[in-house]
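Worksheet: one structure, shown below.
Nothing in this text is a laboratory measurement; each read-out follows from the coordinates by a stated rule. None of the values given here were measured: they were computed from a predicted structure. Using ideal geometry, Cβ is built from the backbone for each residue, glycine included, and neighbour counts are taken over all protein chains shown.
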Amino acid sequence: MTSAPTPLLAIRGLRAAYGKIEALKGVDVEINAGEIVALIGANGAGKSTLMMTIFGKPRARAGRILYDGRDITGVPTHEIAHLRIAQSPEGRRIFPRMSVAENLQMGADSTGCTDAEREAMLQRVFTLFPRLKERYAQRGGTLSGGEQQMLAIGRALMSRPRLLLLDEPSLGLAPLIARQIFDAIRTLNRQDGLTVLIVEQNANHALKLAHRGYVMVNGLITLAGTGSELLQRPEIRAAYLEGGRHG
Amino acid sequence: MTAPSTNTAKPATGIPALLKTAFTNALVALVLFSLMVGIRTEAGSSGQLTYWTRFGELASLVGVVFGGSIVIELFRQWIGPSGAERLVPPAVHSGMAFVGRFLAPALLIFALLVPVIFYDQRYILDLGILVLTYVMLGWGLNVVVGLAGLLDLGYVAFYAVGAYSYGLIATNFGWSFWVCLPLAGILAACWGVLLGFPVLRLRGDYLAIVTLAFGEIIRLVIINWQELTGGPNGVPGIPRPTLFGIPLDNSDDGLAAKLGIEYSSTHRIVFLFYLILALALLTNWVTIRLRRLPIGRAWEALREDEVACRALGINTTTTKLTAFATGAMFGGFAGAFFATRQGFISPESFTFQESALVLAIVVLGGMGSQLGVALAALTMIGGFELFRGLETYRMLVFGMAMVLIMIWRPRGLIGHRAPTVYLTKAQAISSDLVKEGHG
């Protein structure tokens, strides 16, 4: 873990709402370059909202989002993706009628990288997820759930991000496949120095993977600490792990 | 494909089962029709209710249902349980693939030769021009509906804008067709953007309603803005197109006189045929090129998932507006062609029916497929003419044919889409692995 002087992503006092319902009530999160940070919490805690607010939809009502020292709170959504922040949204959201190749190409299209850079990243994605190479000419919709998740992450990687936001990558996946996904994230972090913010229901897996973690309850961060610290906390164990252990 | 389909097909074998099904259907028909057909009521001369029975008609109807259900059931057994794999033998499959590969070039060559083969048949040439106009409109709308997935029920508005642009500019300022053609396209594209702005946040049904209204608004404005458009009287005397300044008429500086050949009115028809063919091919070429560029892929991705698009850094606003503008531009070109072909335009040519027809062509062809749209235009417009002899029953037969096609091919004539990104090395590997059906 490298400790940079300024964090890669700093969220300060962030508030966001859907109409009158306040989903984020003043959230503070810091992510240093080279870290994996896990954000855990129950359904409706505001985890996904935080992820989407970083991308400008919904817009923040108050607070600031600083990326690499720059305030990106008001930047339009499509421009945020050009700042080398990539997102693998909840529910995978691949393009089902387009081929795997086209899905991956979509990730690279908006970044304006050279052909060589694109090819290198494609090979990197194939090394991480050999399945995608096998399925290259197939339609995205014909892939299995796990393969679709790999494709969603691969597509996000094609924009060669510095910061990768992953929303529930293990959702609805068999434990073995989920582990493959987590392994790939760990590899990306260690070998490529990719900074990752991962939102997860699967607290056990996520906290084992992450350097640090945040616990979110009702739109507020209630706990923060290193992954192993949080795993030991009795209230975490009670709320998120008891009865749900499979590790 | 799945187990239940074989289960449902099983009990219906054997003559007793066949008769039982037919009898049940006939019974239902008897109950339904006994009041609807069996008894006829009418108001008598002094307002009293008179009625009489028509058991003969009733009996024949029930008989038709009985016989018909036997025929349908036999037909079903002859086809076998649903599942396309068993239906089509591999030889036919490879034959279809062969036809598929050469169908587009063959159609193109045929289209090029139509004026040569049917030079003396004015009717065929006119029909060809009509079909090609709809092919072009279909390809234009395909950008909006097929690729970008924006359901547009008011496409005729852009057709009208193009036609009136050319009609009004040519009659008022005397500009030539070749100057007006791009202008008509640009004006239509502007209207496309104008329509696009208010509907940026809409999708699906809501978008369809607004575009429908837009099409009607354009038509009503044309009808009511009499000083500019001539209202319901239309714009008469629109100049015919020229071959880069050389008119195709019987004058001394006409094309026939210049070439020293005898003048024939067919020259103009042939010229119009090649003109619309060139315009349609331009539409096709541009669409195919755009599909391989980031903007074309963004259109298709937008159709699939707007949220994912935004997360990938696609500006959905400009993507939608360019789709509307591109589609509208081709509509405008087609409109300008329509105006110069007819020599007269009026609001009657731009009703909702036209929008619906073009949309039907796109849907029937298979959303997003260029060849499919061309085939569908040929089927629809050609079908209209083919069934002309049936007179009153024309629409009925045509409608039934449409329903049958949609049952047979629910995704349109050509349902698959050609990929736009290839990896030559992996292509062979992947097709082998697909068959294993892993995952």
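Which of B:Glu354, B:Glu73, B:Glu306 ends up with the largest GNM mean-square fluctuation for chain B, with Cα atoms connected below 10 Å?
B:Glu73
Using modelled backbone amide H atoms (1.01 Å from N, in-plane), which distant-in-sequence or interchain residues come within less than 5 Å of A:Leu39's amide H?
For A:Leu39, whose amide H was placed from the backbone, the distant partners under 5 Å are A:Ile198, A:Val199, A:Glu200, A:Tyr214.
With the crude spin-label approximation of a point 7 Å out along Cα→Cβ, what separation in nm comes out for B:Ile109 versus B:Leu32?
Using points 7 Å along Cα→Cβ, the separation is 5.0 nm.
Return one number: the angle in degrees, 0 to 90 and rounded to the nearest 10, between the long axis of the Cα atoms of helix B:370-386 and the longest principal axis of the Cα atoms of chain B.
Value to nearest ten degrees: 70.
What are the ³J(HN,Hα) values, in whole Hz, obtained from phi via the Karplus relation 6.51 cos²θ - 1.76 cosθ + 1.60 with θ = phi - 60°, for each residue of the stretch B:310-321 in sequence order, with x given for Gly and Pro?
The phi angles translate into 5, 5, 8, x, 8, 7, 5, 4, 5, 4, 5, 5 Hz.
Expected output is a single nm value to one decimal: the length gained when fully extending between B:Leu259 and B:Leu243, i.e. 0.36 nm times separation in residues minus the C-alpha distance. What is it?
My answer for the length gained is 4.5 nm.
Using a Förster radius of 41 Å, what is the FRET efficiency between B:Glu227 and B:Thr318 based on their Cβ-Cβ separation? Nearest 0.05, please.
0.70
Does the stretch B:337-416 classify as rounded, prolate or oblate by the C-alpha gyration tensor (a ≥ b ≥ c root eigenvalues; a/c under 1.5 gives rounded; else a/b over b/c gives prolate, otherwise oblate)?
Cα axes put the stretch B:337-416 in the oblate bin.
Can you tell me how much longer the chain between B:Ile39 and B:Val71 gets when fully stretched, taken as 0.36 nm per residue apart minus their C-alpha distance, in nm with one decimal?
Taking 0.36 nm per residue and subtracting the Cα distance, the gain is 8.7 nm.
Would you mind counting up the charge near B:Arg303? Only other residues with Cβ under 15 Å from its Cβ, with Lys and Arg at +1 and Asp and Glu at -1.
+4
Ranked from highest to lowest mean number of other Cβ atoms within 10 Å per residue, what is the order of the peptides B:368-374, B:101-107?
Ranking, from highest mean packing down: B:368-374, B:101-107.
Determine which residues of the stretch A:13-34 fall in the zone a paramagnetic label at A:Val217 would reach in this model, i.e. backbone nitrogen under 12 Å from the point 7 Å along Cα→Cβ.
Within reach of a label on A:Val217: no residues.
When the Karplus curve 6.51 cos²θ - 1.76 cosθ + 1.60 is applied with θ = phi - 60°, which whole-Hz ³J(HN,Hα) does each residue of the stretch B:123-132 get, with x for Gly and Pro?
4, 5, 5, 4, 5, x, 4, 4, 4, 5
Within 10 Å of each Cβ in peptide A:87-95, how many partner chain Cβ atoms are there on average? Round it to a whole number, please.
Shielding by partners across A:87-95 averages 5.
Would you tally the net charge around A:Asn43, using a Cβ to Cβ cut-off of less than 15 Å, leaving A:Asn43 out, and scoring K and R as +1, D and E as -1?
-3
To the nearest 10 degrees, how steep is helix A:175-192 against the longest Cα principal axis of chain A, on a 0 to 90 scale?
It works out to around 90 degrees.
Measure off 7 Å from each Cα along the Cα-to-Cβ vector at A:Ala62 and A:Ser144, then give the distance between these two points in nanometres to one decimal.
Roughly 4.9 nm, to one decimal.
Taking the Cα-to-Cβ direction at A:Arg237 and at B:Asp205 and moving 7 Å from each Cα, how far apart do the two end points lie in nm?
The two pseudo-label positions are separated by 5.2 nm.
Below 14 angstrom from the Cβ of B:Leu35, what's the summed charge of the other residues (Lys, Arg +1; Asp, Glu -1)?
Surrounding charge for B:Leu35 is +1.
For the pair A:Ala42 and B:Ala418, what calculated FRET efficiency results from E = 1/(1 + (r/R0)^6), where r is the Cβ-Cβ distance and R0 = 45 Å, to the nearest 0.05?
0.50
Given a Förster distance of 56 Å, report the FRET efficiency between B:Met400 and B:Arg289 from their Cβ-Cβ distance, rounded to the nearest 0.05.
E between B:Met400 and B:Arg289, to the nearest 0.05, is 0.90.
Would you mind calculating the gained length between B:Ser176 and B:Val116 on full extension (0.36 nm times residue separation, minus the Cα-Cα distance), in nm to one decimal?
Between B:Ser176 and B:Val116, full extension yields 18.8 nm more.
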